[in-house]
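Each remark here refers to the structure printed beneath this line.
The values are calculated or read from the model by the stated rules, or taken from the named source; none is laboratory data. The shown structure was predicted, so the numbers you read here are calculated from the model rather than taken from an experiment. Glycine also receives a Cβ, built like all others from the backbone with ideal geometry; neighbour counts cover every protein chain displayed.
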Ligand code: FAD
């Protein structure tokens, strides 16, 4: 179906929502993004964009813009024990396009996507908290402030706590995964552009450089029985992180000494949605399939969804067929990738002599070659 002149509302100006907005606008749709936050800003942290994510950025014409942010090209992934000894090294040369594996500052990626969306004619309206989405022949977005926005199609890219997700999939509420993650940035140290994973019982720490090596990203994960905070992320005292990783070796302790500000996240997820679409509405990104970050695929999967949704709608004769095609192209792949991320969780934290064998069997995205 032609998207020219179709009015599409996208809820959420995260990675998935902004990419989807641009992909739809490039095909002629008139797109409005509704975002609850007062500004498009990101807690400073990094993420890994793998070749499948870069394929989407290339397809929507933003590859050069992302590279221009100075995102270092990944050279490999080294798995280390808690004292820094090498357990295994995964080179990236098995990937079709290893040059497309980048370490990206989230704020840079969001900036590139927001500018790209605006250049394509997308309106981004801030301070718009969406209370409910009503599917139908003319779907309607109800804002908390009382206003209603009608559109031809509504895309819910509103993350883990998506109201449309539970509306389409009753009972599929998010649950705590038993893991928390601290995320911090420290000054760069000129180290290699590789991801290093330091593994210990019940915890692991991932680190890699950002912005041409000027800063270093740290994600430190610990197993916990429960998450009692009201919010799923909060500022934390860096000493709590240092205490949690005090049993790790000097390389880890040295990095953590440099941490001045840190955020702590309770890691929640729900199962991959059984139902991704309703009448003229669709889920996208974490709203459909939140993942543990242990395969570094959440953002790249949201990017894949964005491109496949726009492509499926364009290919089909009508919206219902396009939305069904979108779900059929995405759901099995999302289940496979998220299953692999769950599998990595227990391997990173494995205790005792079986750890090495399990680490050698660890899944990496290179073995999950993208289809987008
Ligand atoms: P989000 O980024 O959650 O965006 C949702 C947007 O919707 C937000 O802007 C929010 O404000 C808005 N919103 C929510 N509710 C409403 C509402 N009611 N009304 C209006 N607006 C609303 N992924 C990777 O690919 N690589 C990595 O290395 C990586 N590392 C990670 C490390 C950690 C510790 C965590 C927690 C995640 C990591 N991820 C990583 C996952 C990745 O961050 C997410 O999968 C990705 O951000 C999902 O994008 P999204 O657009 O679907 O949702």
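Where residues in the stretch 242-293 are touching a strand residue (DSSP E or B) at 6+ places or on another chain (Cβ under 8 Å) and in a helix (DSSP H, G or I), which of them is farthest from residue 349 (Cα to Cα)? Selected residue: 287.
In the stretch 122-133, the residue that is nearest to residue 6 (Cα to Cα) out of those that are surrounded by fewer than 18 Cβ atoms within 10 Å (Cβ to Cβ) and in contact with a strand residue (DSSP E or B) (Cβ under 8 Å, 6 or more places away or on another chain) is 123. Report yes if residue 72 is crowded, with 18+ Cβ neighbours inside 10 Å, touching a residue at least 60 places away in the same chain (Cβ under 8 Å) and more than 13 Å from residue 303 (Cβ to Cβ), otherwise no. Here the answer is yes, as residue 72 does meet what is asked. Of everything listed in (1) under 30 Å from residue 139 (Cβ atoms); (2) within 12 Å of the ligand (Cβ to nearest atom); (3) modelled with pLDDT of 95 or more, the single unmet condition for residue 291 is (3). If only residues of the stretch 139-174 that are under 21 Å from the mean Cα position of the chain (by Cα) and in a strand (DSSP E or B) are counted, the one that is nearest to the ligand (Cβ to nearest atom) is 156.
Identify all residues within the stretch 243-254 that are surrounded by fewer than 17 Cβ atoms within 10 Å (Cβ to Cβ) and either touching a residue at least 12 places away in the same chain (Cβ under 8 Å) or within 24 Å of the chain's Cα centre (by Cα) (or both); write none if there are none. Walk me through how you get there before you give the answer.
Here is the first cut: in the stretch 243-254, the ones surrounded by fewer than 17 Cβ atoms within 10 Å (Cβ to Cβ) are 243, 246-247, 249-251, 253-254.
Across the stretch 243-254, the qualifying residues are 247, 249, 250, 251.
When the stretch 31-64 is filtered for residues that are in contact with a helix residue (DSSP H, G or I) (Cβ under 9 Å, 6 or more places away or on another chain), more than 7 Å from the ligand (Cβ to nearest atom) and farther than 17 Å from residue 108 by Cα, the ones remaining, listed by number, are 31, 32, 33, 51, 52, 55, 59. Only one entry in 12, 5 is at positive phi, in contact (Cβ under 8 Å) with a residue 24 or more places away in the chain and away from the ligand (no atom under 11 Å from the Cβ), namely 5.
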